[in-house]
Structure formats: C-alpha cells, structure tokens
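Note sheet for the following structure.
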Amino acid sequence: VLTLLDCTAQKQYETELAMYARQENKPLLHLETIEFQTGIFDSWDRSDQIQMVNELILEKEKNQQLMRRLVACYRLQDLDALLQLTCEQPEYQKYNQALLGDRNNNWIPLMTDMMTQQRVFFGVGAAHLGGKNGVIALLREAGFNVEAYNPAE
C-alpha cells in the first residue's frame, strides 16, 4: 500500500502510535487480534482475493489516484466522503459488512468497557469512523461525547 503514495517520507500511524505508547509506558490494548483480521480476508472467495491482488498490481495508476483522494479526504476530516470512496470499491461493496459494519458494532461494547475503567486512546482505520454505522455515530448513540481532535487548537 505504501508504494501507492508518491512520497519519500512514509509513516505508518499504527507503528508511530505504538512507539509513543511504549515510550510513555502506556499499555497497548487491542479491539481484535491480527488472527481475526486476517481471518476476514481468508473468508473471502479465493477468486475475489486473487482479483483484488491482481488489480492492486496491474492498475497501479488508478489505485494511486484513489489513494490520493482518500488521503485528501482524511486531511480534510471529511469522513463521510472517505467512507463513500472506500465503499465504492468493488471488493468493499461485497464485503463491507464484514470489513466495517460488523467490526464497528463489535468494538462499541469493548470500547465502552475500556472507557469506563480508564482514559483510553483508540486508533482505528479512518473508514471505520464516518457514516451512520461508523464508530463515531455508534459511540454518540451509546451516550458518549465525541469530538475531532485538532492539534492546532
């Protein structure tokens, strides 16, 4: 995925956040295991997996344009547009419920439990945030006050 971006200074936010937490002696908790996450893709039809990888390799320019649009939406904090772009992709149309919907719904009770015990920072993929079934809406529905963090303020 990193080769889809035309930049020299590439970062993976998950790695950066984990390093910061370790430096601050903060515990790292997880909403799901890596085995669960890879199991989602393993449950896809094999032909869909092959097609997805082929398109990623063979349609590099198209995917680079998509990645630029996703990054632009992320930077603008336009989560609904980011979600729409994500869900327009054929693989997400077929597997959207397993990739986003089910996982978002599974996370809310876990997040609620964690937040009632201590202050917690959650890092999730941006496509999980927007929409009526996104983490933000679901947390608000559960009674939480959710606001965007703006480090410039």
- Task: Within the range 85-94, track down each residue that is under 30 Å from GLU147 (Cα atoms) and surrounded by 14 or more Cβ atoms within 10 Å (Cβ to Cβ).
- Result: LEU85, THR86, CYS87, GLN89, TYR92
- Restricting attention to the range 30-43, does a residue exist that is farther than 25 Å from GLN97 by Cβ, modelled with pLDDT of 85 or more and acidic (Asp, Glu)? no
- What are the residue pairs meeting all of these: first residue in the range 4-26, first residue over 30 Å from LEU58 (Cα atoms) and of a type outside the set (A, V, I, L, M), second residue loosely packed, with under 10 Cβ neighbours inside 10 Å and at pLDDT 80 or above, Cβ atoms under 8 Å, and 6 or more apart or on different chains? ARG22/LEU28
- Query: Which pairs have Cβ atoms under 8 Å, sit 6 or more apart or on different chains, and link a residue in the range 90-116 that is farther than 14 Å from LEU138 by Cα to one that is open to solvent by less than 60 Å² (accessible area, probe 1.4 Å) and polar (S, T, N, Q)?
  - Reply: TYR92/THR86
- Query: If you check PHE144, PHE122, which single one turns out to be at pLDDT below 95, open to solvent by 40 Å² or more (accessible area, probe 1.4 Å), of a type in the set (Phe, Trp, Tyr) and under 13 Å from the mean Cα position of the chain (by Cα)?
  - Reply: PHE122
- Note on the structure: Counted residues in the range 102-119 being closer than 25 Å to ASP78 by Cβ and surrounded by fewer than 15 Cβ atoms within 10 Å (Cβ to Cβ) come to 2
- Task: Name every residue in the range 3-16 that is assigned to a helix (DSSP H, G or I) and modelled with pLDDT under 85, in order of residue number.
- Result: THR3, LEU4, TYR13, GLU14
- Query: Where residues in the range 45-71 are over 13 Å from ALA127 (Cα atoms) and aliphatic (A, V, I, L, M), which of them is least open to solvent (accessible area, probe 1.4 Å)?
  - Reply: LEU66
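The values are calculated or read from the model by the stated rules, or taken from the named source; none is laboratory data. Just so we're clear, the structure is a prediction, and the values are computed from it rather than from any experiment. Backbone-built Cβ (ideal geometry, glycine too); neighbour counts: all protein chains shown. Ligands, DNA and RNA are excluded from the accessible area calculation, which covers all protein heavy atoms including side chains. Shrake-Rupley method; radii C 1.70, N 1.55, O 1.52, S 1.80 Å.
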